[in-house]
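Please read the structure below before turning to the comments.
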Amino acid sequence: MYFLEDIAQTIVENTTKIIGYPISITDNKGFIIGSSDSNRLGSFHKASIDVLEKKEAISYDFNDVKKFRNVLPGIATPIIINNASIGVLGIIGDPAEIKKYAQLVKSHVELMCLEYLKKEMSVLESKTLDNFIQYLLNSVKTGDSEYLVRYGKMLGFNLDLDISRVCILIEIDMLLNSFSIQQKNHCPDKFAWQFLQNNLIDTLKFYLFDNEEDLISLLTLDQFIVIKTKNTDEAHDLFIKRMEHNIQRMAKYVKTKFNLTASISIGSVNKGIRGIKESYQDSLKALIAGKKTKISPEIYYYNDWNIMLELLANGLTPYISDRLTERIDDFLKHVNYPTLSYTFLTYCKANMNLSETARILFLHRNSLVYRLEKIKELTSLDIASFEHCLLLYFAIKNSETVNKPWRIDEQNTTERTITQ
């Protein structure tokens, strides 16, 4: 088999250290692909052909090897995987001395080959599933649904219309924390990303998988998707509560174990192929909108009222968006816009309560009133009116110049006299 050439030399080096005798490995055509003596690599080994034909171990003493070229005394035994001889293992030395090692080393080498095959199959299955999910989420043709259902069944998943699913997006802030991860030796320097991703996938499966139909895939370097399947006999509210509880536990574990922050969004619960795509789109919108809020922990549910408000503010039609921008153009261009907009958003979150807003901002009430009057002057809106405040709130949220997490301490340290 093709894979034996990839791992033969590694097997030789590791096994030689254990038994203390030189060994060699040939492929199923008799060429040496692994050897304690690197000079023998690539050379033809006639004795291996005999071993492959007989499918049994053959001993070669010092007199026997005189008949052959490039054959050393020892024992040659076939490497058998799934009842097929894929190569030959040669243990070099006096046959009488190494006979006791032959079967043990043969079993060890075959076990290493099986482990390698198992990993290769696992990687292949993972890639196949990743490709399937990518196609599932991004297919646009009307006739794709039937094909995807059949393809899903080939992989062992039922994507028929009667099963409800929900998409969960998990975005890991790996770049920000990569240095601290390596410093704490949570993963080795070599293959660090791959090692970390595999650990995260195992963690997500442990906390979020409870149905054999559940799916997981790596969408980007730092973003995973879990497609959870709802049990048909489980109440919707119970399913959501149980899922949110497990998500919170998972996020806490990731923070504790890997020192990583996870932003998680939960889409809508839908049925069928189209439902999965809709749930994915909903979870993606929720993730984008949620990251603009101060919701903590960073778990965003598509049907949450706070997320809906963000989605509404960022989902205005181009016509409405342009009209709002035009109306507050002077406000947007004002030198103190960051401070004024932050003050106004805080005023809205405090339910338009002046005393509460002043307390949150650590401002004197008169200073707050002065700021609000300045906003009124620049926008021609009545800040005491709920309807006008709603329009300005959406205008600010919709503006490309203001989607920044302004902090209270920044406002206090950069306070300027608002007289312009």
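Structure above, values below:
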read-out: Listed residues Tyr337, Tyr319 arranged by accessible area, highest first, probe 1.4 Å; value: Tyr319, Tyr337
read-out: Residue of Tyr151, Tyr21, Tyr300 that the Gaussian network model of the chain assigns the largest fluctuation, springs spanning Cα pairs under 10 Å; value: Tyr21
read-out: Whole-Å distance, taken between Cα centres, linking segment 22-53 and segment 227-263; value: 53 Å
read-out: Residue-normalised accessible area of the chain, given per residue in Å² at a 1.4 Å probe; value: 56 Å²
read-out: The chain - share of DSSP beta bridges that are antiparallel (%, nearest 5); value: 95 percent
read-out: Alpha-carbon Rg/Rh ratio, for segment 2-113, with Rh computed the Kirkwood way; value: 0.91
read-out: Highest-fluctuation residue, Lys46, Lys294, Lys376 considered, GNM on the chain with Cα pairs under 10 Å; value: Lys46
read-out: Relative compactness, the chain, computed as alpha-carbon Rg over 2.2 N^0.38 Å; value: 1.50
read-out: Estimated FRET transfer efficiency when R0 is 35 angstrom, pair Lys257-Lys291 (beta carbons, to 0.05); value: 0.95
read-out: Accessible carbon and sulfur surface of segment 163-314 relative to its total accessible area, %, 1.4 Å; value: 53 percent
read-out: Computed lengthening from His388 to Leu309, 0.36 nm per intervening residue step minus Cα-Cα distance; value: 26.8 nm
read-out: Percent carbon-and-sulfur accessible area, segment 2-113, ignoring ligands, DNA and RNA, probe 1.4 Å; value: 52 percent
read-out: Accessible-area order (highest first, 1.4 angstrom probe) of the listed residues Phe331, Phe195; value: Phe195, Phe331
read-out: Share of carbon and sulfur in the accessible heavy-atom surface of segment 317-403 [1.4 Å probe, %]; value: 55 percent
read-out: Net charge, Ala384 excluded, C-beta distance under 13 Å - Lys, Arg +1, Asp, Glu -1; value: -2
read-out: Spin-label model distance (nm) - Lys127 vs Glu5, 7 Å beyond Cα toward Cβ; value: 1.7 nm
read-out: Exposure ranking of Phe394, Phe258 by accessible area [1.4 Å probe, largest first]; value: Phe394, Phe258
read-out: Overall dimensions of segment 163-314 by Cα: Rg and Dmax, Å; value: 15.5, 47
read-out: Highest-fluctuation residue, Thr317, Thr339, Thr293 considered, GNM on the chain with Cα pairs under 10 Å; value: Thr317
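The values are calculated or read from the model by the stated rules, or taken from the named source; none is laboratory data. Source: prediction; values computed, not measured. Note that we place each Cβ from the backbone using ideal geometry, even for glycine, and neighbour counts take in every protein chain shown. These accessible areas exclude ligands, DNA and RNA; they are computed on the full protein's heavy atoms, side chains included. Shrake-Rupley method; radii C 1.70, N 1.55, O 1.52, S 1.80 Å.
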